[in-house]
Amino acid sequence: MSRISIFAILLPATVAVFALMPIHNTEKRFHSDSELSFFKAKKMAIGSEGIAHVNELEIDSNILFPTAKVCGGCHGKDPNGGAMVTTSGVDINIYDDWRSTMMANSAKDPFWRAKVTHEILVNPAHSLDLQTKCTSCHAPMGHYQAKLHDNKPFYLLSDLYNDTLGLDGVSCQMCHAQAPEKIGTLHSGELNFDTNRIRMAYGPYEFIFAPPMHQFVGITPIYGEHISDAGLCAGCHTLITSSVDNAGEYTGNTFVEQATYHEWLNSRYDKDHDNISCQKCHIPQLFDEVVISANYQNLTPKYPYGLHEMAGANVTMLKLMKEHRNALGINALPEHFDSTIAGTMRMLQQKTLDLSITPLDLNGDTAHFGVLVNNKAGHKFPSGYPARRAWIEFEVRDSTGNILFHSGKMNSDYTLVGEDSNYEPHHQFITDPNQVQIYELVPGDVSNMFTNVLERGHLALKDNRLTPQGFSKLDVVYDTTQVVGTDNDSDFNLNLDGTEGSGADLTHYKIAVNGYAGKVSITSKVWYHSLPLKWMMPMFAYSSPEIDSFKVMFDSADNSPILIAEKTLNDVYITPVKTKQIALDQDIKVFPTLSYDGRVTVLVPDGLSIKGVQIYNSAGKLVWDRAATNVLLPMGKGVYFIAIQTNKGKVVRKVMRGE
């Protein structure tokens, strides 16, 4: 019998069986009984499709960008504790994480407001353009509502102060409503929103339950691969200004005030290499399964989940805004700020740089030490607004605790001892306590003098900020990411083979020992400062309500720099007895300088004998001590220093172990 005949016989019987079976046509419920009670208490209604609606909520289609508080209704703390919590029950809701960040409070930042008025007072003829440019990134929702919907040519501080949208800072839709077109090509506050689809919210998930967001707030969630693209940040984190002279006349020149996105492009982290985007560090992913909307406990959990910590580096301003949150109209609670500050400290102290000290030559009239700093950020450090800077403090004490040498010492007002009045040059070698290694961008005016007036920025007098790993002067974006003032430093951003891209800088400290023999302790620290007096005082010479108000806050604030790294070497023995220094490139050979299996060979010419070989890791710890010509580096990628003691003197060579 054919298969078709069998199917014809069985089909009527099968249909009959299913016809007699009971069918449960119960409508799918999206809410539990407890949720229904909650909605009732909040004057919500449940529609025929089983989705909650707020009775009193009207969707105003004239507003292109709803405020974050609207989004917080579902993406804030879940009253039932089921959504936006980790598998261990830790609350990680988006709204509370966001509202104490610098992004959330960009329009309420009192320093920013003061600085805008400072620029206006210096060049009043440019007031309208200055305010409109500055609000495009610090108050983007108000700015683009005025531009795209109301067709206004300017958006000013006076508009902002009375505008709920503008005061919401860099809110949810500033990122989630950006169109995929032009991503990564925009700069200086030019953002691209498709006004035909402005009520869309792009997200990282392909399968989305859209009705609640669409019906609550009139926004339709949609998958957008570009939401995880670093180019999403480019429009505001690249700012190129039009320069003016000291009389306020345009020079025709431009100045790169900041280019964090371009710095990322000129690194190993860009799409063509490791593909580690801005979001992967500043919105780190959690691989727990997380329900992403409150009051919908039947939703399918999503992963990975982006923690909206948005940690950067500006601890000082976060503390100041926490202290004055009521005066500034900030709705984040102290505990929210505490969480953001803690996340920012973790970013600075754990994810920013590595620091090490290495003894190089401890015999003779001068003790020679190397301090290596290695940038771990995906951009220059420091990056962003050019007031920010970092420096190395280096101190040597004798066995009784007396200071033999101290570079980078702070005064009581956190200025630095010995710092040059215009700007401190970059140093490869430091021999005087009044010299200090400061990593910074120094804007210069047409007279080649430091200026804190952004419009007067004509050229970079110095930019020795630590480059990201993979950084190259041959990169196509080097024109916006130039290094200035390090041309004669063979230890800046160079690998052991002489190629660019280490992201590191080795500063040499040569210290006169003045006949001292004995043990010393060496301490090196790296400090970060976001609001140095050098940048504040010229602004405080002017007066506006914003400047005067910020000065009161600043004067009472904790403006102390942040310690981001510290290393100490104890019981290091130095002696004024000079041993003959062997010519590094002629007499002793160490190869390979880049070893993948850890094996390194030391070759010495006739007449020399090896008395000992010590290997120190980048933290200054002794990891090998044998009189051998064939040495083995420890497991693990890193920089090592090989000290070779011979019958005629000692040399130190630097090598690297790769993966």
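Points to keep in mind about this one:
- Distance histogram in 5 Å bins (all Cα pairs of the range 260-310, percent per bin): 5, 19, 18, 17, 15, 10, 8, 6, 2
- Spin-label pair Thr523-Lys578: with each label point 7 Å from Cα along the Cα-Cβ axis, the two points sit 3.3 nm from one another.
- Length, then width, then depth: along the principal axes, the Cα atoms of the chain run 103, 85, 46 Å.
- Cα centroid separation, the range 423-482 to the range 313-331 (Å): 30
- A 1.4 Å probe over all protein chains sorts His262, His138 by accessible area into His138, His262, starting with the largest.
- Each of Asp413 and Phe154 was given a label point 7 Å from its Cα along the Cα-to-Cβ line. The distance between the two points is 3.5 nm.
- Secondary-structure-derived ellipticity at 222 nm for the chain, considering helices only, amounts to -6500 deg cm²/dmol, per-run term -39500 (n - 2.57) for DSSP H runs with n ≥ 4.
- With 20 Å as the limit, the listed pairs Lys69/Lys280; Lys376/Lys409; Lys621/Lys654; Lys589/Lys648; Lys133/Lys551 have Lys69/Lys280; Lys376/Lys409; Lys133/Lys551 beyond it between alpha carbons.
- Accessible surface, per residue, of the chain when the full set of protein chains is kept, probe 1.4 Å, Å²: 46
- Antiparallel bridges, percent of DSSP beta bridges restricted to the range 183-302 (to nearest 5): 65
- Surface accessible to a 1.4 Å probe, Thr195 within the full protein complex, Å²: 70
- The range 489-586: trypsin sites (Lys or Arg not before Pro) in DSSP coil with no more than 15 other Cβ atoms inside 10 Å: Lys578, Lys580
- Carbon/sulfur fraction of accessible area - the range 375-449, other protein chains in place, 1.4 Å, %: 46
- A simple spin-label model places the labels of Asp479 and Asn326 5.3 nm from each other, with each point 7 Å out along Cα-to-Cβ.
- Three semi-axes of the equivalent ellipsoid, the range 114-205, Cα gyration tensor, whole Å, largest first: 25, 14, 12
- Solvent-accessible surface of protein heavy atoms, probed at 1.4 angstrom with all chains present, puts Leu191, Leu348, Leu128 in the order Leu128, Leu191, Leu348, largest first.
- Accessible area per residue was computed with a 1.4 Å probe on protein heavy atoms; Asp288 scores about 30 Å².
- Accessible area of Asp361 in the full protein assembly, 1.4 Å probe (Å², nearest 10): 20
- Extension gain, Asp497 to Asn162: 0.36 nm times the residue separation minus the Cα-Cα distance gives 114.7 nm.
- Restriction of the GluC sites (Glu not before Pro) in the range 181-228 to DSSP coil positions whose beta-carbon has at most 13 other beta-carbons within 10 angstrom yields Glu181, Glu206.
The values are calculated or read from the model by the stated rules, or taken from the named source; none is laboratory data. Quick caveat: nothing in here was measured; it's all calculated off a predicted structure. All Cβ positions, even for glycine, are placed from backbone atoms using ideal geometry, and neighbour counts span all protein chains on display. SASA here: full protein model, heavy atoms, side chains in, ligands and nucleic acids out. Shrake-Rupley method; radii C 1.70, N 1.55, O 1.52, S 1.80 Å.
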